[in-house]
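The values are calculated or read from the model by the stated rules, or taken from the named source; none is laboratory data. Remember, it's a predicted structure, so these values are computed and weren't measured experimentally. In this analysis, Cβ positions are derived from the backbone assuming ideal geometry, glycine residues included, and neighbour counts consider all displayed protein chains.
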Amino acid sequence: MLVASLGAISQSKFISKNAYISFYSSTPLEDILGESNEAVTILNAETGEIAFQALMTTFHFKRALMEEHFNENYMESTKFPKAKFNGKIDGYNSSILSGPVNDIKVTGILSVHGVDKTITISAKLGLEDGKLVGLSNFKVIPENYGIKIPSLVRDKIGKEMEITVKANYLPFGN
Amino acid sequence: MKIKYAIVLALVVIAVGAGIGLKMFFKPHADISKLKAEFKLDASALISEFELDENAATTKYSEKILEINGELKSKNKMQNGTDLLILEDEMQGISCQLDSVWASANQPTIQSLQIGKSITIKGICKGYLMEIKVSPAIIVNSH
């Protein structure tokens, strides 16, 4: 149903159903890296709006125990299953979609662990080998999103977590 | 003598504790092929349930092992080498990322899969994000 109704605007939206998102933190004991290849992002070519969503449970860690702690203790994935970002490219002009990969800024609301914050992130967007790609790398402070980290491990984990995002966009509806 | 016993006991407790701790720390990821499915259902029925009430379906199925039967719509290899199967609907169906260990041992099965045919997969349901995400998954039956 939804797919049929999107037919008329197929040229103005781009989607990636298997976007990459990772979460990285360095600790003296070992580095913590959670990765997901199942994020969904939609880019509106007319307005420059970008929506990005990821299911917390799809983050995969090297150790099963890390995955458990991430979902149960920190992100509370049953209560807050999704992380979302809804933003707009600053000073958007649709011509950037047909040019080479360029630096952009995106301002919007990042919603993690049930907490909404307005942020501006640096990103890259443009054509790479004829395909529209989006990349971003930014830092977040878990405490800003009400994520409690026990004091026992707090000193050992970096204050900021590094988030990396990569998406290969395809025209919607094809 | 008493002190000796106390020391031995303490050492045993420490050794067992350390053993349990290490085992927990190095606990492997779940092996889907050896686990039993909690729910067996048709892809279309599962999709309807998520469309009807996403929150209720997420609570019911998220992180549970599902055995799902449906029509194979597409088969792709992702950039990182993971096999990706999509059931029922290309855009809003069921997305299954195959378990990499299982997939490397079962390449002939994956290669023989035919688009449009019925297939049964087993995997962990991760919830709903435009489509139902199942990973990691294995193929139980293909026709």
- Taking the condition more than 21 Å from A:Met161 (Cα to Cα), at pLDDT below 95 and polar (S, T, N, Q), does A:Ser77 pass? no
- Residues being aliphatic (A, V, I, L, M) and crowded, with 22+ Cβ neighbours inside 10 Å: count how many of those fall in segment B:88-118. 2
- Message: With in contact with a helix residue (DSSP H, G or I) (Cβ under 6 Å, 6 or more places away or on another chain) and surrounded by 16 or more Cβ atoms within 10 Å (Cβ to Cβ) as the only criterion, which of A:Phe61, A:Phe70 stands out?
- Response: A:Phe61
- Checked segment B:36-60 for anything away from chain A (no Cβ under 11 Å) and in contact (Cβ under 8 Å) with a residue 60 or more places away in the chain; matches are B:Ala37, B:Leu46, B:Ile47, B:Phe50, B:Ala57
- Message: Testing A:Ser22 on (1) within 17 Å of A:Glu162 (Cα to Cα); (2) at pLDDT below 95; (3) of a type outside the set (A, V, I, L, M, F, W, C), one condition comes back false. Which one is that?
- Response: (2)
- Per the list (1) more than 11 Å from chain A (Cβ to nearest Cβ); (2) modelled with pLDDT of 95 or more, residue check on B:Gly19 breaks on (2)
- Hey, does segment A:119-132 have a residue that's touching a Lys or Arg at 6+ places or on another chain (Cβ under 8 Å) and surrounded by fewer than 17 Cβ atoms within 10 Å (Cβ to Cβ)? yes
- Note on the structure: Residue set A:Ile89, A:Ile104, A:Ile96; condition modelled with pLDDT under 95 and β-branched (Val, Ile, Thr); output residue A:Ile96
- Task: Go through B:Ile68, B:Ile115 for me and flag whichever is assigned to a loop (DSSP other than H, G, I, E, B) and more than 14 Å from chain A (Cβ to nearest Cβ).
- Result: B:Ile115
- Message: I'm trying to understand the selection: among the residues of segment A:35-48, which are free of Cβ contacts under 8 Å to residues at least 40 places away in the same chain and either touching a Lys or Arg at 6+ places or on another chain (Cβ under 8 Å) or at the interface with chain B (Cβ under 8 Å from one of its Cβ atoms) (or both)?
- Response: A:Asn37, A:Glu38, A:Val40, A:Asn44
- Note on the structure: Residues of segment A:61-98 being under 26 Å from B:Ala56 (Cβ atoms) and within 11 Å of chain B (Cβ to nearest Cβ), in sequence order, are A:Glu67, A:Glu68, A:Asn71, A:Glu72, A:Ser77, A:Thr78, A:Lys79, A:Pro81, A:Lys82, A:Ala83, A:Lys84
